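What follows is a set of notes on a single structure, which appears directly below.
Values in this text are rule-based calculations from the coordinates and carry no lab data. In this text the structure is predicted, and so the values were computed from the model without any measurement. Neighbour counts are summed over all protein chains in view; Cβ atoms, including those assigned to glycine, are modelled from backbone coordinates with ideal geometry.
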Ligand code: ACO
């Protein structure tokens, strides 16, 4: 069932506002679907997109366990709206800077603040209470690739093309994508991909573990639905605990990880057998 507003607080954002920004958001039971919906610009992203994504995260109903991020039209996302490079920028983004030129005139602290705000739109997709899935067809360039990397899992259509283009434009990837990229493909390959800005097709993406699944274009929605259903088939609280455990594993020693397993399992057993 579609919901007209996002969240029940002062931050609530209406479906009409989202439409203006080029987003759709629907919650159907335990699954939320966010659709980048500016296919005429190949779902190019702006500060307004990222701010809206953050507000969706803030207002996500507690019952939601799976968040699907997808793009309307031929491409998942062509990355940042290139009008940001022009002097006019992208209208209607207040209070964010309309263009990179305007951004650059901010003092360092204010500029960092605006980037942190943008990053908020991506970071919540890794929360332990949800599993996020990017459904990627066509191009995922720059901010588009980073949005796919911000999700826990990626399902790619056979025509998917991933490209970290930032360095070619004189920028760095700053929308939370560098860490998952290095975590997934390793430092040498991440360097090669970012510093050449070359395009990775779906087959190579699968080999590099950038995709959990590659399917024919016409089967993308169905494959994502099936994956979501499989994720929902396990116990909600156990799923959260497992995600916390797995997410923390790379930073912990074996001993610390074993201790974390014990802590999570004690909590699980107590909860499962409380009152029996
Ligand atoms: N920003 C603004 N408008 C865009 C963008 C973008 N990132 N990408 C595409 N568009 C617009 C085009 O200007 C075009 O508009 P028009 O119909 O008014 O001429 C329309 O979307 C369709 O674009 P096409 O290029 O005709 O679509 P096609 O499917 O052939 O190609 C592709 C898609 C490959 C994504 C191409 O549009 C492209 O290379 N876009 C730019 C990608 C880019 O450099 N992004 C920045 C990455 S860096 C970062 O995100 C920080």
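For the chain, set up a Gaussian network in which alpha carbons nearer than 10 Å are linked by springs, and say which option among 153, 169, 187 fluctuates the most.
Among 153, 169, 187, the largest mean-square fluctuation in the Gaussian network model of the chain belongs to 169.
Using alpha carbons only, how many degrees (0 to 90, rounded to 10) separate the axis of helix 108-123 from the longest principal axis of the chain?
Around 50 degrees separate the two axes.
Run the simple label-point estimate for residue 209 and residue 105 please: 7 Å along Cα→C-beta, distance reported in nm.
Those two pseudo-labels are separated by 4.7 nm.
Cα axis of helix 47-58 to longest principal axis of the chain: angle in degrees, 0 to 90, nearest 10?
Approximately 20 degrees, to the nearest ten.
Give me the compactness ratio for the chain, meaning the Cα radius of gyration over 2.2 N^0.38 Å.
The reported ratio for this selection is 1.03.
With contacts defined as alpha carbon pairs under 8 Å and 6 or more residues apart, what's the relative contact order of the chain in percent? Present the calculation step by step, with values, prior to reporting the outcome.
Values: 498 pairs, mean separation 39.7, N = 276.
Reported relative contact order: 14 percent.
Using 1/(1 + (r/R0)^6) with R0 = 25 angstrom and r between the beta carbons of residue 222 and residue 24, what's the FRET efficiency to the nearest 0.05? All intermediate terms of the calculation are to be shown ahead of the outcome.
Values: r = 19 Å, r/R0 = 0.76.
The formula returns an efficiency of 0.85 here.
What Kirkwood hydrodynamic radius do you get for region 139-234 when you take the inverse of the mean 1/r over all pairs of distinct Cα atoms, in Å?
Numbers: mean 1/r = 0.0730 Å⁻¹.
Mean inverse Cα-Cα distance, inverted, gives 13.7 Å.
Show me 194-204, 51-61 ranked by packing, highest mean number of other Cβ atoms within 10 Å first.
Numbers: 194-204: 16.2, 51-61: 19.8.
Final packing ranking: 51-61, 194-204.
Ranked from highest to lowest mean number of other Cβ atoms within 10 Å per residue, what is the order of the peptides 137-147, 115-125? Don't jump to the answer; show the numbers that get you there.
Values: 137-147: 27.5, 115-125: 18.4.
Descending packing order for the listed peptides: 137-147, 115-125.
Each label point is 7 Å from the Cα along the Cα-to-Cβ direction; what then is the distance between the points at residue 182 and residue 267, in nm?
2.8
Among the DSSP beta bridges whose two residues both lie in the chain, what percent are antiparallel, rounded to the nearest 5? Walk me through the numbers on the way to the answer.
Numbers: 11 of 34 bridges.
In the chain, DSSP labels about 30 percent of beta bridges as antiparallel.
Calculate the translational D of region 68-133 in whole µm² s⁻¹ from Stokes-Einstein, where the hydrodynamic radius comes from the Kirkwood formula applied to all Cα pairs, the temperature is 10 °C and the viscosity 1.306 mPa s.
Numbers: Rh = 14.0 Å.
The diffusion coefficient I find is 114 µm²/s.
Hey, what number do you get for the chain at 222 nm if only DSSP H runs of n ≥ 4 count, each worth -39500 (n - 2.57), divided across all residues, to the nearest 500? If you can, show how the numbers build up before the last one.
Details: 11 runs with 118 residues, N = 276.
The helix-only estimate for the chain comes to -13000 deg cm²/dmol at 222 nm.
Hey, what's the Cα Rg ratio for region 235-276 versus the globular rule of thumb, 2.2 N^0.38 Å? The partial results should precede the final answer.
Values: Rg = 11.2 Å, N = 42, 2.2 N^0.38 = 9.1 Å.
With N residues counted in region 235-276, Rg over 2.2 N^0.38 Å equals 1.24.
Can you tell me the 0 to 90 degree angle between the C-alpha axis of helix 187-196 and the longest principal axis of the chain, rounded to 10?
20
Give the Debye-formula value of log10 I(q)/I(0) at each listed q (0.10, 0.21 Å⁻¹), with one equal scatterer per alpha carbon of region 87-192, two decimals each.
Rounded to two decimals, the profile gives -0.33, -1.23.
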